[in-house]
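Undergrad: Have a look at this one.
The values are calculated or read from the model by the stated rules, or taken from the named source; none is laboratory data. Everything quoted here is computed from the prediction, not taken from an experiment. We place every Cβ from the backbone using ideal geometry, glycine too, and count neighbours over all the protein chains shown. Keep in mind that these areas ignore ligands, DNA and RNA; they rest on the heavy atoms of the full protein, side chains included. Shrake-Rupley method; radii C 1.70, N 1.55, O 1.52, S 1.80 Å.
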Amino acid sequence: MFEALAQNFDWSWVRETVFLLYAVTIVSIIVIVVSENRNPVKSLAWVTVLLLLPMLGIVLYFIFGRNIKNKRKLSRRNRRRLKRREASRNVDPRSMGLSLESQQQIRLAHSLTGAQFYDGNDVQVFTHGAPKFESLQADLRSARSFINLEYYIFENDRIGNEIADILIDRARAGVKVRVIYDHVGSFTVKSRFFKRMRQAGIDVFPFFEVTFPQLGTRINWRNHRKLCVIDGRVGYLGGMNIADRYIDGGRKFASWRDTHVRVEGPVVAALQYAFAVDWHFMGQPLLTDAILPDIPKRGTIAAHLLTSGPTSQWSNIAFMFHKTLCNAKRRIYIQSPYFLPTDALLKDLVTAALSHVDVRILIPRKSDSMLLNYASASYITQCLQAGIKIYFYEAGMLHSKMIIVDDDFVTIGSTNFDFRSFEHNFEGNLFFYSREFAERMLAIYREDLTHSTRVIPDQWRKRPLIKRAIESVVRLLSPIL
């Protein structure tokens, strides 16, 4: 009987109904994407994916395309409570003899996030993992009051377990230890690794834990920061995660070249403020007492911290990069593992180069992502046409995120020169204003160039057609990679 019904049943209306619902869904998502008034390039990328790969596009949109801009991480009242403690050593940049351009950049940072500006800081720079982790471990062992540690990746490997053991030892000694790790970044790490720390009394929380049904609203938002504050007086920030590959290069590379800094001085209060905001965002109590109001001066370097993320009203760090690049008069030196600039930042670089500013971009010959490698390569031709000097780092994986502008400005942090860092990730960069520090970082940059190969325009134009085609296709997806 059922076979007879099935044979006589008119299935055409079912197919038409399913097709209609499918078409309505696609059109509705496209309308949502357009109505959100995002970056037109990004919106066009999503529309392209939805039209060319509709089934896959729907899944990708609900996982990676949602918008959480203006989602408040901290109430205005709690923000004021933290700022009152952080601002006790804030310095007026006009009193320091800084250039008008530097003063504009500092005022912009304050307008964007309320970022405070501090002088009197000492900065130690690490370009490889072994010395950085030796220093970090020594500082962790010396902790007497608290340790606040926040990393995108916290691996269950040799260095990860060494640091976990130190944290456990300090917690048992009465030190308050707090750890934030990114759930996506540390997705392959077994839960027992973090459970061991929790059992020792450490407060350990995954940032934006990806579980059902929150998968589609959380997996794309990643806490990419790598910072640590010890006793409110010593801070670390930069590009190195906690993983052995920063020491031995891992399985794919001879070495991982990165940049991380250790800071002492008043600017440590800004690092602690950033951690306190993220800690409260995890549903934990506000850490007002951990921001020390009387951090003594330790050096001569002036700096401020700027954070950004998908919840911010503005693209904070991207805005700062815009302002800094536009202010450049002599040089712009960039290091980044990936080079996927927004259209505006690419125009800034091209404009600077056409104005005879010395613009150099140093990226790895081969990165840890083949897809991003192709996407980065797609921007090189336009850069070469404008006179921008492009270099491929040959000695391993270049993971450093650094920009040097003119003679007195450097920024170092977790922010890659790409769409994801500017729009999707929670990032943090320190911005330094010091001739002495800029000279120090210029020497490091020039040393890196000795391990690099400059891209010659004539040779670049001769690369295989199939490679150029792949680069062009992948570039269409670069705003959502």
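Undergrad: Using square roots of five times the C-alpha gyration tensor eigenvalues, list the equivalent-ellipsoid semi-axes of the stretch 127-221 in whole Å, biggest first.
TA: 25, 16, 11
Undergrad: Under a 1.4 angstrom probe, counting protein chains only, how are T415, T307, T351 ranked by accessible area, largest first? Don't jump to the answer; show the numbers that get you there.
TA: On the way: T415 10, T307 40, T351 85 Å².
Most to least solvent-accessible, the answer reads T351, T307, T415.
Undergrad: Here's another thing I want to ask about it. Please give me the summed charge of the neighbours of A375: other residues whose Cβ is under 12 Å from its Cβ, Lys and Arg +1, Asp and Glu -1. List each step's numbers first, then the result.
TA: On the way: positive: R420, R475; negative: D418, E471.
In short, 0.
Undergrad: Sticking with this one: Between L442 and S369, how high is the FRET efficiency from 1/(1 + (r/R0)^6) when r is the Cβ-Cβ distance and R₀ = 45 Å? Nearest 0.05.
TA: FRET efficiency, L442 to S369: 0.95.
Undergrad: Determine the sum of side-chain charges near E101: Lys and Arg each +1, Asp and Glu each -1, restricted to other residues whose C-beta is under 12 angstrom from that of E101.
TA: Result for the local shell: +1.
Undergrad: Find how many whole Å separate the alpha carbon centroid of the stretch 134-163 from the alpha carbon centroid of the stretch 348-390.
TA: Cα centres, the stretch 348-390 to the stretch 134-163: 35 Å.
Undergrad: How large is the direction-averaged shadow of the alpha-carbon convex hull of the stretch 98-162, in nm²?
TA: 7.1 nm²
Undergrad: How much accessible surface does R107 have with a 1.4 Å probe, in Å² rounded to 10?
TA: 120 Å²
Undergrad: Let me ask something else. Which semi-axes, in whole Å and largest first, does the equivalent ellipsoid of the stretch 149-189 have when worked out from the alpha carbon gyration tensor as the square roots of 5 times its eigenvalues? Each step should come with its number before you reach the end.
TA: Values: eigenvalues 80, 30, 7 Å².
One finds semi-axes of 20, 12, 6 Å for the stretch 149-189.
Undergrad: Follow-up question, since we're still on this one. Using a 1.4 angstrom probe with every protein chain in place, what is the largest-first accessible-area order of K389, K462?
TA: Per-residue accessible area, sorted high to low, gives K462, K389.
Undergrad: Which pairs, out of K366/K401; K329/K401; K190/K252; K366/K467, put more than 18 Å between their alpha-carbon atoms?
TA: K329/K401; K190/K252
Undergrad: Another question about this same structure. By the scheme Lys and Arg +1, Asp and Glu -1, what is the net charge of all other residues having a beta-carbon under 15 Å from that of L398?
TA: Summing Lys and Arg as +1 and Asp and Glu as -1 gives +3.
Undergrad: May I ask you to rank D258, D203, D343 by accessible area, largest first, using a 1.4 Å probe over the protein chains only?
TA: Largest accessible area first, the residues go D343, D203, D258.
Undergrad: If I compute solvent accessible area with a 1.4 Å probe over the protein chains, what percent of it on the stretch 222-298 is carbon and sulfur?
TA: On the way: 1050 of 2290 Å².
Whole-percent figure for carbon plus sulfur exposure: 46.
Undergrad: Rounded to a whole number, what % of the accessible area of the stretch 330-465 do carbon and sulfur atoms account for, probe 1.4 Å?
TA: 52 percent
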